[in-house]
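Q: There's a structure below that I have some questions on.
The values are calculated or read from the model by the stated rules, or taken from the named source; none is laboratory data. Being a predicted model, the structure only gives us computed values, none of them experimental. Don't worry about glycine lacking a Cβ; one is built from the backbone with ideal geometry, like all the others, and counts go over all protein chains shown.
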Amino acid sequence: MEELEFLVEGARGGQPLTARLIRQLHQLIARYQRAYAATDALGNPVEAPLHHGAWKRWLPHVRRPDGSLLQYVFPEQVEPQMVRLLELHRRMGGEHPVVRAA
């Protein structure tokens with residue numbers, strides 16, 4: 001519930017969507033989670049510590065029920081991709097809120 005209040009306060013106050021805001025929200029949402037399942041450089045499953053409010057440092061690939069591997073963006077690509085996403089969000093300021101949210 002605290003997470004929702006944080007977002008509502010930011011929205012009411014006109015706080016812009018920033019990387020800092022996203023990291024703060026992550027800190028609130030994941031505050032009770034200490035680790036997550038990840039894969040090391042050799043492809044072995046590991047429990048990686050979750051650094052609250054920080055970009056990921058491991059590859060958190062997920063094994064699907066059919067055995068295929070869902071691969072996420074590499075850790076070194078997270079921040080540049082977030083910068084791109086936030087820039088796109090800013091450029092779409094005049095769009096309908098539903099389009100912007102998508």
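Q: Could you grab me the full set of residues in the stretch 76-91 that are loosely packed, with under 14 Cβ neighbours inside 10 Å and of a type outside the set (K, R)? Break it down into steps so the answer makes sense when it comes.
A: In the first step, residues of the stretch 76-91 are kept if they are loosely packed, with under 14 Cβ neighbours inside 10 Å; the result is 76-77, 79-81, 83-85, 87-88, 90-91.
Result: E76, Q77, E79, P80, Q81, V83, L85, E87, L88.
Q: Among the numbered criteria (1) out of contact with any strand residue (DSSP E or B) (no Cβ under 8 Å at 6 or more places or on another chain); (2) surrounded by 12 or more Cβ atoms within 10 Å (Cβ to Cβ), which single criterion is violated by P65?
A: Of (1) out of contact with any strand residue (DSSP E or B) (no Cβ under 8 Å at 6 or more places or on another chain); (2) surrounded by 12 or more Cβ atoms within 10 Å (Cβ to Cβ), only one is false for P65: (2).
Q: Also: Which one of these is closer than 21 Å to R84 by Cα, without any contact (Cβ under 8 Å) to a residue 40 or more places away in the chain and out of contact with any helix residue (DSSP H, G or I) (no Cβ under 9 Å at 6 or more places or on another chain): R23, R12? Even if it seems obvious, please write down each step before you answer.
A: Numbers: R12 fails: closer than 21 Å to R84 by Cα.
Of R23, R12, the one residue that is closer than 21 Å to R84 by Cα, without any contact (Cβ under 8 Å) to a residue 40 or more places away in the chain and out of contact with any helix residue (DSSP H, G or I) (no Cβ under 9 Å at 6 or more places or on another chain) is R23.
Q: Kindly provide the set of residues from the stretch 37-80 that are closer than 22 Å to R20 by Cα and β-branched (V, I, T), ordered by number.
A: Across the stretch 37-80, the qualifying residues are V73, V78.
Q: Considering the stretch 15-61 alone, what residues qualify as being at pLDDT below 80 and on the phi > 0 side of the Ramachandran plot?
A: Within the stretch 15-61, G43 is the sole residue that qualifies.
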